[in-house]
Each structure stands twice: as C-alpha cells, then as structure tokens.
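Take a look at the structure below.
The values are calculated or read from the model by the stated rules, or taken from the named source; none is laboratory data. What you are looking at is a predicted structure, and each value in this text was computed from that prediction instead of being measured. Glycine also receives a Cβ, built like all others from the backbone with ideal geometry; neighbour counts cover every protein chain displayed. Ligands, DNA and RNA are stripped out before the accessible areas are found, and what is left, the full protein with its side chains, is counted by its heavy atoms. Shrake-Rupley method; radii C 1.70, N 1.55, O 1.52, S 1.80 Å.
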Amino acid sequence: MAGGSSSSMGGNNSRRNPPGIALIKRARGKDWSITVYRYHVLLITFLAYAAYHASRKPSSIVKSVLDPYPHRNSTRARPWPVGDVFIHKDSDGGVDMETVDLNDYRGWEPFNGKDGTSKLGEIDVAFLAVYSMGMYVSGHLGDRLDLRIFLTTGMVGSGIFVALFGMGYFWNIHVFWFYLAMQMVAGLFQATGWPSVVAVIGNWFGKRKRGLIMGIWNAHTSIGNITGSLLAASVLQYGWGWSFILPGAFIFFIGLLVFLFLPAYPEDVGIQTSQTKSEDEESQLLQEPLVGNEQSSSKPLPTPRSRRSVGLLEAFLIPGVIPFALCLFFAKLVAYTFLYWLPFYLSQTAIGGRYMSVKSAGNLSTLFDVGGIIGGILAGYTSDKLRARATTAASFMYASIPSLLLYRRYGGISEATNIVLMMFAGLFINGPYALITTAVSADLGTHSSLKSDSRALATVTAIIDGTGSIGAALGPLLTGFLSSKGWDAVFSMLICGAFAAGLLLTHLVMAEIRENFSRRQIVQ
C-alpha cells in the first residue's frame, strides 16, 4: 500500500503541505504511506478535539467555588495527584480554615448571591447557545475554507477567551456581563471544532469499519473532559482563575500543532482522492441503510477544493439528517447536563454519609467519561456489526433510563456503588451521542443522494451537532432552575430526554430492521 510517490508530489500540492510535515519530509527524504498518514490524522484530530473539551470543563469544576453554600467548604492544601484523590469533608460542613482561601469559601460576586446558581446556568446556556448557532455557520464555512487554517483559528481563539474568563479572578472583576461575554465569544470560536475534525476524518476514511474507528477516535471527548477536569482541579487551590488559564493554554498549544502538522485533505500531501478511495474498495459491498453508499471508485473523484459545498436546505433534505439531529438534541441535553453539573451534584450529595470536597467531586466525575469511552467504542462496533446505526443509538438511549434511575436511587450508598453506576450511566448516555456525532454524521455527509461534486461533510455535521447543541444549552439551563427544587426533578428531566431521543429514531429503526431482514432472506 504505497503512499503518494515522489511523482505525485511537487507542483502546487507540495506548497500546500503543512509546515511541520514538509519539514519532516525533507528530513526523512521520503514520504509516508497512506496508512501512516491516516494514523497521523487520527492522532492530530484526536488531540484537537480533546483540547476543545478540556477547555469546556473548568466552569463545572469551579461552580461550587463561585457559588458556595454556607456549609460548603473549599479544597485542601495538596492538589491531586500529589494529595489524596478523594478528599472528604465532614457531613456537618466543618472547614479547616488554615487551608481554605477565604475568598473562595465566600464565593465570588456576582455568583455568590441567592440567584448565583441561576447565573451560573445562564453562563452555561449563553456559551452553548452561541456555540449551537455558530455551528451552522462554521459548518458551511468548513466546506468552503481550508480546514487546517479554520480549525487553528478556532482553537487559538478559544484558548484566548477561556483564559480571559479566568483573568477575571486576577483583575478582581465582579461584573456579570464580563463573564457572560467571555463565554459567548469562546462559544463562537468553539463552534469551529466539531464540523472541522469530522470533515477531516471523512476526507481520509471511507465507510469500512467507520463506526468502530470513529468510536475509538471519539474517546477524545471523554479524554478531553477528564483532562480538563484534572487540569482545572489541580490548580484550583491557587485561585479559580488558574482553572481556566491552564486549559486555555492547553488548547492554544494544540492549535499550533494543528497548524503545523494536520493535512486536512489527502491532496495536501500529494495523495489523490482516488487513491484513498481504492483503499476502501471493500466498503462498496456494505449496503448500509439510511445513509447510502460511498461514491464509486471506478473513476477519480473531484478534489475537495474543487467540489461545491451544499446549502443548508439541501443538507437538511438528506434522508436521516432531521431524525438524527432531533435525537441528538435530547441526547446532548442529557450528556451536557452531566458535563456541566455532575461535579456540583457530587459535592452536594452525601455518598456513604459523607460529602466530598469540590476538588474531589471534580476528580470523581471523570469516571463518568471513562464509561463514555467504553460506550462510544461499543456503540460504534455494534452499529458496524448490525449495520444499524439508528437501532444501536435508540437501544443505548433506552438503556440509559434504568441506569439514570439506579444512579439516583443507589449512588449514595458508597463510593464504589457510585463509581460503578456512574460509569454505566456514562456508557449508555455517551454511546449514542458519540455514534451520532461521528459515524452517522460522516455517513450522511457522503450520502449517495449527493452529487459527486458536492461537499457536505462539515455542513451535515454542523446541522446535526448544532441542533444537538441547542439541547446541550437547554439541559444545563433547566438544571440551574430545577436543582433548587431538588435533584429528583433534574433526573426526571434527564429520563424524559433519554426517552424522547430513542423515540425519535423509531421510523429509522423500523426501516433498518426491514432492510436487514430483507438482506438475510436474499442471502438464504
């Protein structure tokens, strides 16, 4: 399996090489194979979106510091991993005043008043509302602009404005609009990420084992959440501002790596699209329902830069886009409620008769994402085996309902019980979320109903994830209000959301069942 040969290099293609790859080529004196390039693209895009998610986690970690109840304490002197992973606080709220930053203990104006929880919810919804609206625009731009430059711009901008939110601590800013504005601009830059990375993966990979490949690759979401939680928690004792600055610096640095080393298109490194398609010849035999087949590889396809980008209306009309987009609306409502509020919930809920510190709650919440990694891989593998994306997604969403009930009812028995039930909840909640935002979006973005000169990967991904992000904004906002009435109300909302997500795929599930039944009859 040869990569782009020296004869395929040169000319305009070589000038499009990312600077870092061009330097490596000159040092090695030869090019990589297509396989090596694919692994390289998977790694760079994995790091890129992990950094995006890491930069979203600080707000969930510092919620209990910005808005503490009178009985809530702050953190101990030694941060994880130097100190204990799970530090408890006494159930009566006793505080070691020698190790507590009094400013953190008293909260941070304007979030430490009676309406503090609601304001934190408004900050979350402002970020996610701008993110979801920006997604539709960025998806269309992603199909028109150079994805490497577009992605780099989004990451660098995200890093700057996430860090500026944290600078409010050092500049002693207590004006609500400042934090609201920083989150909104950060949300706009963050909207560049998902359509871009999925489009890059779609440019390099066909449908063969796409669910499994993207299920493993989508672990970046959970790895990013875990990394962001640990980064934010590790510096929390030095002032909550550092919990934003460190993740902001992380995504800024990874953005520079993207600029230097990401070949967004095979043509950027002198590999023709027809070469990458021939590597996936076996995928032509897979008759995946509802999302269509790859274009025929019998003739060279137009290069990504020469194809036209489809309009939003045309992308909406691709079969399956609307049901999956609406399903993701509710799936992300559930997933993002955990993303933004799980550490807060853990710090306010007695586990084994004891309450956890803010830092420990952040550490423990990462195990939800560990379950999410397993769920994403399992959902991708299952959907490949069954050739049924919708059936797999719906089954996981229905299975998340009993997992949510069990976690709420028995999660407080002990730490061990809480961890096991939390990981199962993460598995069933993040599994379909990962499947829809990766393999399904890529399948629909290369649907057979599109003309051969059309580019829709970023646009379709943006429509599906943008619609889902509206739900992601709604969940944390409602949680900010419902949590004041009790956490049972929050979990009732999550259960209703999970049920609605599964129900919206009913038509597609029935179509997949009929398709698979017909296929078996033909084989027999």
Practice task
Hey, can you tell me all the residues within the range 29-57 that are polar (S, T, N, Q), crowded, with 19+ Cβ neighbours inside 10 Å and part of a helix (DSSP H, G or I)?
Solution key: Thr45
Practice task
For Phe499, state whether it is open to solvent by 30 Å² or more (accessible area, probe 1.4 Å) and over 23 Å from Ile401 (Cα atoms).
Solution key: no
Completion exercise
Wholly inside the range 129-229, helices (runs of 4 or more DSSP H) that include 2 or more residues that are within 23 Å of Leu478 (Cα to Cα), open to solvent by 20 Å² or more (accessible area, probe 1.4 Å) and at pLDDT 90 or above are 176-190
Fill in the blank from the handout: Within the range 389-413, the count of residues that are open to solvent by less than 70 Å² (accessible area, probe 1.4 Å) and in a helix (DSSP H, G or I) comes to 16
Problem - Lone qualifier among Ile21, Ile61, Ile87 - being modelled with pLDDT under 90, open to solvent by less than 30 Å² (accessible area, probe 1.4 Å) and over 25 Å from the mean Cα position of the chain (by Cα) - result: Ile87
Completion exercise
Checked the range 481-524 for anything in contact with a helix residue (DSSP H, G or I) (Cβ under 6 Å, 6 or more places away or on another chain) and among the acidic types (Asp, Glu); matches are Glu512
Exercise for the section: Among the candidates Gly187, Gly159, single out the residue that is more than 19 Å from Leu256 (Cα to Cα) and not hydrophobic (A, V, I, L, M, F, W, C). Expected result: Gly187
Completion exercise
Taking the range 355-388 and keeping only residues that are open to solvent by less than 10 Å² (accessible area, probe 1.4 Å), farther than 17 Å from Ser234 by Cα and not in a helix (DSSP H, G or I), one is left with Ala388
Exercise for the section: Taking only the range 108-118 into account, find how many residues are open to solvent by 10 Å² or more (accessible area, probe 1.4 Å) and without any contact (Cβ under 8 Å) to a residue 60 or more places away in the chain. Expected result: 4
Practice task
Report, ordered by the first and then the second residue, all pairs with beta carbons closer than 8 Å, sequence separation of six or more or different chains, a first member in the range 196-211 that is of a type in the set (D, E, K, R), and a second member that is modelled with pLDDT of 65 or more and open to solvent by 10 Å² or more (accessible area, probe 1.4 Å).
Solution key: Lys209/Asp384; Arg210/Asp384
Handout entry: Failed criterion for Leu427 (all others in (1) within 29 Å of Ile201 (Cα to Cα); (2) at pLDDT below 90; (3) in a helix (DSSP H, G or I); (4) open to solvent by 10 Å² or more (accessible area, probe 1.4 Å) hold)
Key = (2)
